[in-house]
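Chemist: Sharing a structure, written as structure tokens. Questions coming.
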Amino acid sequence: MMNDNVQDYESARLEHCPKCNSTAVRNNVYFCKGKRVKVYVQCDRCGEYIARYTLTGYTSNEPYESLLRKLRFTRLTSGKRTKRIVEEFSEGIEKEFRHVLQLIRTKEDERRMEEIIEEDYPESLE
């Protein structure tokens with residue numbers, strides 16, 4: 001998955017406070033019936049508003065439980081198949097998480113979040 005031109009197709013960045021440049025953040029989650037869940041990111045050091053995200057999916061630190069919630073309305077044919085799906089789901093999340101941390105350590109995208117999203121993922125703009 002990694003190659004010399006990682007920047008060409010993927011990148012990663014820590015969220016930074018625009019006021020104090022801290023990476024210590026607090027996620028304030030807003031729930032309103034009938035609307036998508038929104039996360040308001042706040043600097044944990046100075047309290048500054050950093051960003052807002054709208055969730056399309058959520059997986060907790062217990063991927064097995066998250067997957068079961070997703071699958072509860074899906075009919076599965078066998079216990080072995082269900083077990084394999086759960087294992088692959090958990091492994092995939094852990095593998096991607098480690099990969100993102102590695103990207104940040106080795107070649108963190110230095111552009112501002114807005115620039116990354118506007119330039120590379122305009123479909124994500126709300």
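The values are calculated or read from the model by the stated rules, or taken from the named source; none is laboratory data. These numbers come from a predicted model, not from an experiment. Note that each Cβ is placed from the backbone with ideal geometry, even for glycine, and that neighbours are counted across all protein chains shown. Just the protein is used for accessible areas: all its heavy atoms, side chains included, with ligands, DNA and RNA removed. Shrake-Rupley method; radii C 1.70, N 1.55, O 1.52, S 1.80 Å.
Chemist: Among the residues of the stretch 53-107, write down those that are modelled with pLDDT of 85 or more, under 15 Å from the mean Cα position of the chain (by Cα) and open to solvent by 100 Å² or more (accessible area, probe 1.4 Å).
Modeler: The answer is LYS95, GLU96, PHE97, ARG98.
Chemist: Take the residues in the stretch 35-64 that are without any contact (Cβ under 8 Å) to a residue 12 or more places away in the chain and not polar (S, T, N, Q), then tell me which one is farthest from VAL86 (Cα to Cα). Full working, then the answer.
Modeler: Going through the stretch 35-64, the residues without any contact (Cβ under 8 Å) to a residue 12 or more places away in the chain turn out to be 35, 47, 49, 57, 60-62.
Within this subset, residues satisfying the condition of being not polar (S, T, N, Q) are 35, 47, 49, 57, 62.
Working: LYS35: 28, GLY47: 38, TYR49: 36, GLY57: 17, GLU62: 11 Å.
Looking at residues that are without any contact (Cβ under 8 Å) to a residue 12 or more places away in the chain and not polar (S, T, N, Q), I get GLY47.
Chemist: Spot the failing condition for CYS43; the list is (1) out of contact with any helix residue (DSSP H, G or I) (no Cβ under 7 Å at 6 or more places or on another chain); (2) open to solvent by less than 50 Å² (accessible area, probe 1.4 Å); (3) at pLDDT below 80, and only one is missed.
Modeler: The number of the failed condition is (3).
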